[in-house]
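Peer 1: Take a look at this one; I'll ask things after.
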Amino acid sequence: MEISELKAELEKLHPASFGWALSCCRRNHADAEEVLQTVYLKILQGKAIYRGESKLQTWLFAVIRKTAMSERRKQWLRSLISIPAKTSEAHSEHESEFERSEMQQRFQRALAQLPARQRETLHLVFYQDLSLSEAAEVMNISVGSARRHYERGKKRMRAALDREGVEYGIGWNRKENSSAVL
């Protein structure tokens, strides 16, 4: 496909592409604009080449998705590297207080004691707000493995928090009421 043809098709697909980028970036307009700009640069620089093996829209959406995932992964890595974690201005005062609370510190210590895969999975799901399948993609493991690390990590976290006597709102060790109506 000629570059002029490709540009014309990309312009037609722009509204749908931006909608998809917005979805891939969790409705964050700035991130979606950045991802879409990066995608267009990849295409124009020849780093992403349409070979005609599928519909242009399908190919373009795959490039957008992979670019968004890559950007999310970069942000995640930056957040892991920045010690101590800096709170953004977007956090409310209430969220900042919670992050500094004793409960949060205990939670962070318990999280730090987990094996790497379990810690990464829980971090991606709870802090990065990814689904298990997205976390599996980030970690380059199967969804089943991610689910296993997630469940084992939660179990270890509960045990660690129980050992410290942390009341975290749910009675994990309570006895079930067999006469309760569901």
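The values are calculated or read from the model by the stated rules, or taken from the named source; none is laboratory data. A quick note: this is a predicted structure, and the numbers were derived from the prediction, not measured. Virtual Cβ from ideal backbone geometry, glycine too; neighbours counted across all protein chains shown.
Peer 1: Let me spell it out: the conditions are (1) touching a Leu at 6+ places or on another chain (Cβ under 6 Å); (2) closer than 29 Å to Thr67 by Cβ; (3) at pLDDT 85 or above, and Arg156 meets all of them except one. Which number is the exception?
Peer 2: Arg156 satisfies every listed condition except (2).
Peer 1: Hey, among the residues in the range 42-59 that are in a loop (DSSP other than H, G, I, E, B) and within 25 Å of the chain's Cα centre (by Cα), which one's farthest from Glu11 (Cα to Cα)? If you could, list the steps in order and put the result at the bottom.
Peer 2: Filtering the range 42-59 for residues in a loop (DSSP other than H, G, I, E, B) gives 45-55.
Restricting the remaining residues to those that are within 25 Å of the chain's Cα centre (by Cα) gives 47-48.
Working: Lys47: 19, Ala48: 17 Å.
The qualifying residue farthest from Glu11 (Cα to Cα) is Lys47.
Peer 1: Okay, moving on. (1) surrounded by 11 or more Cβ atoms within 10 Å (Cβ to Cβ); (2) outside any loop (DSSP other than H, G, I, E, B); (3) at pLDDT below 90: which one isn't true of His91, the others all being true?
Peer 2: (2)
Okay, residues lined up against (1) at pLDDT below 80; (2) under 14 Å from Arg73 (Cβ atoms):
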residue: Arg100; (1), (2): yes, no
residue: Met103; (1), (2): yes, no
residue: Arg109; (1), (2): no, no
residue: Pro115; (1), (2): no, no
residue: Glu134; (1), (2): yes, yes
residue: Arg147; (1), (2): no, no
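Peer 1: Could you list, in sequence order, all residues of the range 1-55 that are among the polar types (S, T, N, Q) and either touching a residue at least 40 places away in the same chain (Cβ under 8 Å) or surrounded by 16 or more Cβ atoms within 10 Å (Cβ to Cβ) (or both)? Outline the logic, then answer.
Peer 2: Taking the range 1-55 and keeping what is among the polar types (S, T, N, Q), we get 4, 17, 23, 28, 37-38, 45, 54.
Hits for the range 1-55 are Ser17, Thr38.
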